[in-house]
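Chemist: One structure is given below, represented as structure tokens, and several questions about it will come after.
The values are calculated or read from the model by the stated rules, or taken from the named source; none is laboratory data. Remember, predicted model here, so these are calculated numbers, not experimental data. Cβ: placed from backbone, ideal geometry, glycine included. Neighbour counts: every protein chain shown. When the accessible area is computed, the model is the full protein with side chains, heavy atoms only, and any ligands, DNA or RNA have been set aside. Shrake-Rupley method; radii C 1.70, N 1.55, O 1.52, S 1.80 Å.
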Amino acid sequence: MRASLVLLLFALLQVVVPTSAPAAPSADIPLESWVYPALDRLSAAGLIESSLQGNRPWSRREAARQTAEATGRAGESQPPSAALRLLEQLINEFAGELTAEPSPLHLRRTEVSGIYQEGSPSPYPGTAAYQFPLVYNRYGLTYSKGQNVEVSLQAEASFGKIFLAEWRPLGQWREGTGSSTRTLTGVARLGLGPAELSAGRQPLWWGKGRHGSLLLTNNARPLDLFRLTNPHPATPPLIFAPLGPTRFDLFVTRLEADREVSRPWLTGMRFDFRPLPWLEAGLGRTIMFGGREAPGVNLGDFLEILGGENPSDGEEDRSNSIAGLDLSLTLPLAGGVRLYGELAGEDEAGHFCSGHAWLAGVFLPFLGPDQRGSLRLEYADLTWEKHGTNPWYRHGLYRSGYTYRGKILGHHAGGGARDYSASYSHDMPGNVNLGIGLDYERRGESLPVQEKHLQTELTLRAPLGAWLTLEAAWCLDRIENFAYIPGEDRTFHLARIALSATW
């Protein structure tokens, strides 16, 4: 893990020696947007060769850049007709970024949704996390039993070519709890040539997995952080040019006070590169250190921690670190096939990660005689044990675990779990999309009793006009040994319907 310092130096090199033209800051696309699976399909089909899939969210300008690349390649080849329909939708979505300067003040989107939940959260052993099993990768949101209502807005304002602010407030009404408001995301961005410095509440998804990822997801509430990144991939100069399009990401934040060790620091760094059009790789690391009840960390300690040093025997444990590698291969078979995987470690030995967890998946973007379907299969294994217990997302000093405000920061299945998922999506006439998902989770592998989940999800997305969209979902979870209690079998439900307007 000495590579951490190399990645940091490389990021600083890209800031000092610009490798791409400056671009004005642009608002991020919400991680739940239809834009990501649409661009995933075009990339897997070979129409986008410069995207970096392992670091999200993407800005609107970056998505527009990928759309323009796909449009150019589509004109040089014969892509599936379903790909051309996706391109048409993307061109309409990013018309402002593709053909003109976006408005300096923009109310982008508003949404009203109703949620009905039947069931209760369950715990993650060895951490302070609880979660309703059908509500994951949803910004740490929670709902009450019965009826819930949400209202959200998404707006942005730019000032010249170097500054942008975006805000996504959310109002909730929960049965038996009442109403509340919060800022779901809110970020101020400063353009530094090809790089961007930002501060505020923003989600991060690091890794190739889509049902979940090992290091960072939007399962927990977005972090209030300082971040430095280059939002658009750029080919580095000199001897680094063979790496192809690259992207770096650095952040630092402090976690909440209401935990076993209050107000610890959390920092992370990531480096993505695409040396070949069909091969993409990423390296990432997050480190939790410090805090009011933890051993003090001076500058020398911090540099050791950043470099991957664990204390020698007999010394106090000063940090909790997760590091990993992810890869994806795009094969030109049957409309495109993407194979991807992640390997990460919760421990360190000889400057390398140990205590491995892994994730693997396959994505087929265009299936069926009309190529309107897409299929994703994904498996995650976080069951590695040390001394009879599972260390993933747990720590002896930071006993609240790898969590933020009661939610796992990484894969929602949690440590000691296996997760098998399959999802199929089908494009219908009129840009209507239907989806079905199946998921089997087995949690608590190191415990005497395992909690088992068999989940089904049906989704619908249908435009009701040029600016109105209807979304609906119904989810079912059949659980054995709920909360790790033998014979405690439950059936939970979740239904959601949303109406959104975009401008």
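Chemist: Checking the structure you have, find out if any residue of the stretch 91-109 is out of contact with any Pro (no Cβ under 7 Å at 6 or more places or on another chain), over 28 Å from E342 (Cα atoms), β-branched (V, I, T) and surrounded by fewer than 17 Cβ atoms within 10 Å (Cβ to Cβ).
Modeler: The answer is yes, given that some residue of the stretch 91-109 is out of contact with any Pro (no Cβ under 7 Å at 6 or more places or on another chain), over 28 Å from E342 (Cα atoms), β-branched (V, I, T) and surrounded by fewer than 17 Cβ atoms within 10 Å (Cβ to Cβ).
Chemist: Within the stretch 323-340, can you find the residues that are crowded, with 20+ Cβ neighbours inside 10 Å and part of a strand (DSSP E or B)?
Modeler: Correct list: A323, G324, D326, S328, T330, R338, Y340.
Each row is one residue, and each column tells you yes or no for (1) under 18 Å from the mean Cα position of the chain (by Cα); (2) among the basic types (K, R); (3) on the phi < 0 side of the Ramachandran plot; (4) part of a strand (DSSP E or B).
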position: R394; (1), (2), (3), (4): no, yes, yes, no
position: L397; (1), (2), (3), (4): no, no, yes, no
position: S400; (1), (2), (3), (4): no, no, yes, no
position: G410; (1), (2), (3), (4): yes, no, yes, no
position: A413; (1), (2), (3), (4): yes, no, yes, no
position: S421; (1), (2), (3), (4): yes, no, yes, yes
position: D427; (1), (2), (3), (4): no, no, yes, yes
position: G435; (1), (2), (3), (4): no, no, yes, yes
position: L438; (1), (2), (3), (4): no, no, yes, yes
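Chemist: When the stretch 454-503 is examined, which residues are found to be farther than 30 Å from R109 by Cβ, of a type in the set (V, I, T) and either assigned to a loop (DSSP other than H, G, I, E, B) or open to solvent by 40 Å² or more (accessible area, probe 1.4 Å) (or both)?
Modeler: Of everything in the stretch 454-503, those that are farther than 30 Å from R109 by Cβ, of a type in the set (V, I, T) and either assigned to a loop (DSSP other than H, G, I, E, B) or open to solvent by 40 Å² or more (accessible area, probe 1.4 Å) (or both) turn out to be I485, T491.
Chemist: Turning to a different aspect of this structure: I'd like to check something: does the stretch 410-427 contain any residue that is over 30 Å from R318 (Cα atoms) and open to solvent by less than 10 Å² (accessible area, probe 1.4 Å)?
Modeler: There is at least one residue in the stretch 410-427 that is over 30 Å from R318 (Cα atoms) and open to solvent by less than 10 Å² (accessible area, probe 1.4 Å).
Chemist: Next up: Right, S122: surrounded by 18 or more Cβ atoms within 10 Å (Cβ to Cβ) and modelled with pLDDT of 90 or more or not?
Modeler: Yes: the conditions hold for S122.
Chemist: Please work out which residue is farthest from the chain's Cα centre (by Cα), limiting yourself to the stretch 223-256 and to residues that are closer than 22 Å to S321 by Cβ and assigned to a loop (DSSP other than H, G, I, E, B).
Modeler: This residue is E256.
Chemist: Checking D381 against (1) closer than 30 Å to L87 by Cα; (2) without any contact (Cβ under 8 Å) to a residue 60 or more places away in the chain; (3) among the acidic types (D, E), only one condition comes out false. Which one?
Modeler: Here D381 clears every test but (1).
Chemist: A follow-up question, please. Across the stretch 49-85, which residue is nearest to P275 (Cα to Cα) among those that are of a type in the set (A, V, I, L, M, F, W, C) and modelled with pLDDT under 95?
Modeler: Of everything passing the filter in the stretch 49-85, A74 is nearest to P275 (Cα to Cα).
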